Amino acid sequence: MPVKKEDSLKKLNWDEFYKVPLNKKLNYFDEDNHLFDCLFSQQFDRKILDHLFKLATKIRTIAKEKEGIDWLQTLLSHKRAILYFIQPSTRTFLSFQSACYILGMKVSEIRSTSTSSELKGESPEDTVRTFSSYTDLIIMRHFEEGFAEKTAWLLNKTNRPIPVINGGSGKDQHPTQALLDLYTLNWAFNDKGGIDNKTIAMVGDLKRGRTVRSLTYLLKNYKNVKFIYVSPDYLKIGDDIKKFLIKHKMEFIETDNMNKAIKNVDAIYMTRIQDEYDINGESKDIDYSKFHITKEHLKMIKKTAIIMHPLPRRQEIDPAVDDDPRAMYWRQERNGMWIRTALIAHIFGLDKVISAK
Ligand code: CP
């Protein structure tokens, strides 16, 4: 059945719709006040976050036993998903694929426009519409900002709308990465008063890193979180994020001094330089070496601090740091599979049946 949407929004063409402020169109991506498309971090409030974390942990517990895994695989065995990942990915792709398998979904994939009919001139819009003829869920990573939203907008106007999950959209957002980051923070600070009142240093390419953007948006749901944005001058956090922080009275400072910034923080969120977005190879002129964590830094930071990274990494974290109990990035990666399973389960309304198990 077509999803009921506000008529005024339904009448808009894409250019008009795209310009509508996010807070005025978020419910276009819900179905009867239930999350349908997952496109932006701003779709999540504290209640739904707490719920998803509990659901993820429950699924993880159920999956410890073969009987539990077998049961989970019955839940969506009648559904199919497509992973449309035309920008490179290892962990988002594999964790979503695994999440689909955990719930018994059948999965198809397209990982390059060179193997789809886009090579023959089919438009990206017709390509994604075609997916809805064969599958019940689209999970996508795309180099174009806004394309996941456009896909959801387009399909919600058809008589076969299917949910769209944004697995990374250009420099813009990566909401499910933010979910797994937050799930990890929540776990790490479980016996330390939770995420409220914590200070987080975000380090690296803050200008083009979509994970930092999405995580900042999600952290609005917590009280008195303070941010230190640490980057070379050229890679500073965008003005749109600063406006968001000011609007929501979220405390932040900016610096290029990583060694000083990380001393007293509760979490250090490292990111790699996103040189795939260079226009003229400008990244090669940036001295990124001051934004690397080595074993020496472990002596400077709090004993209770955690070190995070969305991965993949280059030299931002020396592998010699991996064995330190504060290194959280491999756990983060695995958490991605569980929270993404919970997200898919939630979109398909399995919350009660899983919680009751
Ligand atoms: N963190 C992340 O999005 O990793 P991939 O690019 O490997 O999916």
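The values are calculated or read from the model by the stated rules, or taken from the named source; none is laboratory data. These numbers were taken from a predicted model, which means no experiment stands behind them. All Cβ positions, even for glycine, are placed from backbone atoms using ideal geometry, and neighbour counts span all protein chains on display. We work out accessible area using only protein heavy atoms, side chains counted, and drop any ligands, DNA or RNA first. Shrake-Rupley method; radii C 1.70, N 1.55, O 1.52, S 1.80 Å.
In the set 181, 205, only one residue is within 16 Å of the ligand (Cβ to nearest atom), buried (at least 24 other Cβ atoms within 10 Å of the Cβ) and part of a loop (DSSP other than H, G, I, E, B); that residue is 205.
When 329, 269 are checked against the criterion of being under 16 Å from residue 228 (Cβ atoms) and open to solvent by less than 70 Å² (accessible area, probe 1.4 Å), a single residue qualifies: 269. Among the residues of the range 41-48, is there at least one that is over 17 Å from residue 350 (Cα atoms) and within 16 Å of the ligand (Cβ to nearest atom)? Looking through the range 41-48, at least one residue is over 17 Å from residue 350 (Cα atoms) and within 16 Å of the ligand (Cβ to nearest atom).
Residue under question is residue 167, and the condition is that it be of a type in the set (Gly, Ala, Ser), assigned by TED's automatic domain parsing to the domain that holds residue 41 and under 23 Å from residue 25 (Cβ atoms); does it hold? Here the answer is yes, as residue 167 does meet what is asked.
Is it the case, given these coordinates, that residue 109 is among the acidic types (Asp, Glu), modelled with pLDDT of 95 or more and surrounded by fewer than 18 Cβ atoms within 10 Å (Cβ to Cβ)? Yes; evaluated as a whole, the condition is true for this residue.
Could you please let me know if residue 303 is in contact with a helix residue (DSSP H, G or I) (Cβ under 8 Å, 6 or more places away or on another chain) and open to solvent by 40 Å² or more (accessible area, probe 1.4 Å)? Judged against the criteria, residue 303 is not a match. When the range 244-293 is filtered for residues that are among the β-branched types (Val, Ile, Thr) and farther than 23 Å from residue 181 by Cβ, the ones remaining, listed by number, are 279, 286. Could you please let me know if residue 151 is buried (at least 21 other Cβ atoms within 10 Å of the Cβ) and more than 12 Å from the ligand (Cβ to nearest atom)? Judged against the criteria, residue 151 is a match. Filtering the range 90-106 to residues that are open to solvent by less than 60 Å² (accessible area, probe 1.4 Å) and within 16 Å of the ligand (Cβ to nearest atom) leaves 91, 92, 93, 95, 96, 97, 98, 99, 100. Name the residues in the range 52-89 that are loosely packed, with under 15 Cβ neighbours inside 10 Å and away from the ligand (no atom under 16 Å from the Cβ), would you? Listed by number, the residues that qualify are 54, 61, 64, 65, 66, 67, 69, 70, 74, 77, 78.
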